[in-house]
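Engineer: This structure is in structure tokens; I'll ask about it shortly.
Only the coordinates and a few stated rules stand behind these numbers; no lab work does. The structure displayed is predicted, hence computed values, not measured ones. Here Cβ is always computed from backbone atoms with ideal geometry, including for glycine, and neighbour counts include all displayed protein chains.
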Amino acid sequence: MKNIVLLFLVVLSGGTLTYSQEKPDNFDLYLLIGQSNMAGRGVPDDYVLNGDSILVLNAGRQWQPAREPIHFDKPAAGTGLAASFAMTLLPSSRNRIGLIPCAIGGTSISAWKAGAIDPATGKRPYDEAIAHATEALRSGKIKAILWHQGESDTQPQRTTTYRTDFEKLMENLHHDLGITPGSIPVIVGELGIFPHEGNHHEGRRKINEVLHELACRHSYITCVSSAGLNHVGDYTHFDTASLRELGRRYAEALTRYTTKP
């Protein structure tokens, strides 16, 4: 048994299909952080994931075959961008894909620092992301960080500090996960700007400007457009079709980054 390089045992535990490992596999890991549009609030559909090649680190920090909802932040968690992101990458991936879902709906960027507590859920977004990612690193390497957040920081006093808050967050993540700064891509996504919304989108437009500024300042950051995407009816959350498209855009941005000269 000790000479076996890899052994995956499928275990039925409490109704959840999980994978136990004798030795870690060489997963391509992706850390998914931010708030509800990263976690996903889309209506479930019949989208099919390859559960043999795409795994998710669940709330118990065990690997299980990918299925939606990927996130588990709140009961409202539904379809998100992670599934189409992973499926778009899969044909060109040499390894299994491991998704690390750590987004928490409603969180301000101020909650994404060590020790900070999200008052709505009582969770510690940053600390939990570090704990989940550290466990995942036993099974592979983090290939990219995916971030979608900002809806909770559209007030003028917050948009003015968003850039420095984000840069500090990335500095902390790299340090606490042992990642060389700038060595992996960070993909961020624009907030939705929807027609017929009136003036309520101005704060989100400012956050989008900051996201593009970050991408200009740091070569490892890429900002994905939300142009043409639709909402579920609340002018905040992307609908299912838009989340599928946004996931593909994240994957395409990552591919362009990793193949550029």
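Engineer: Would you calculate a helix-derived [θ] at 222 nm for the chain, using -39,500 (n - 2.57) for each DSSP H run of n ≥ 4 and dividing by the full residue count, to the nearest 500?
Structural biologist: Helix contribution divided over all residues of the chain: -9000 deg cm²/dmol.
Engineer: Please list the non-local residues whose amide H lies under 5 Å from the amide H of Phe27, H modeled 1.01 Å from N, same-chain partners needing a gap of 5 or more.
Structural biologist: Residues meeting the criterion, in which the H sits 1.01 Å from N, are Gly140, Lys141.
Engineer: Let me ask another. Roughly how big is the chain's charge dipole about its Cα centre, with Cβ charges of +1 (Lys, Arg) and -1 (Asp, Glu), in debye to the nearest 20?
Structural biologist: Around 640 debye, computed over the chain.
Engineer: Let me ask something else about it. Given a Förster radius of 51 Å and the C-beta distance between Leu90 and Lys168 as r, what FRET efficiency does 1/(1 + (r/R0)^6) yield to the nearest 0.05?
Structural biologist: Given R0 = 51 Å and the Cβ-Cβ separation, E is 0.95.
Engineer: Using +1 at the Cβ of each Lys and Arg and -1 at the Cβ of each Asp and Glu in the chain, identify which of Ala120, Leu229, Ala253 lies farthest towards the dipole's positive end.
Structural biologist: Ala253
Engineer: Return the whole-Å distance between the Cα centroid of region 119-157 and the Cα centroid of region 24-78.
Structural biologist: After rounding, the separation between the Cα centres reads 14 Å.
Engineer: Please give the peptides 76-84, 136-144 ranked by average Cβ packing (other Cβ atoms within 10 Å per residue), highest first, as a rough proxy for protection. Display every interim value, and only then the final one.
Structural biologist: Working: 76-84: 23.9, 136-144: 18.8.
Averaged packing, sorted descending, gives the order 76-84, 136-144.
Engineer: Output the relative contact order of the chain, whole-number percent, from Cα pairs under 8 angstrom with separation of 6+ residues.
Structural biologist: That works out to 22 percent.
Engineer: In percent, how large is the relative contact order of region 94-202, given Cα pairs closer than 8 Å and 6 or more residues apart?
Structural biologist: This gives 27 percent for region 94-202.
Engineer: Same structure, new question: Just order 89-95, 54-60 by mean Cβ neighbour count inside 10 Å, highest at the front, would you?
Structural biologist: Most protected by this proxy first, the peptides run 54-60, 89-95.
Engineer: Within region 177-194, name every residue whose backbone N is under 20 Å away from a label modeled 7 Å from Cα of Tyr235 along the Cβ vector.
Structural biologist: Correct set: 190-194.
Engineer: Ok, one more. Students often forget the sequence filter, so: which aspartates and glutamates lie under 17 Å Cα-Cα from Lys123 once same-chain residues fewer than 8 apart are removed?
Structural biologist: The qualifying aspartates and glutamates are Asp73.
Engineer: Using a basic spin-label model with each label point 7 Å from the Cα along Cα→Cβ, how many nm lie between Arg61 and Ala227?
Structural biologist: So the two model labels end up 4.3 nm from each other.
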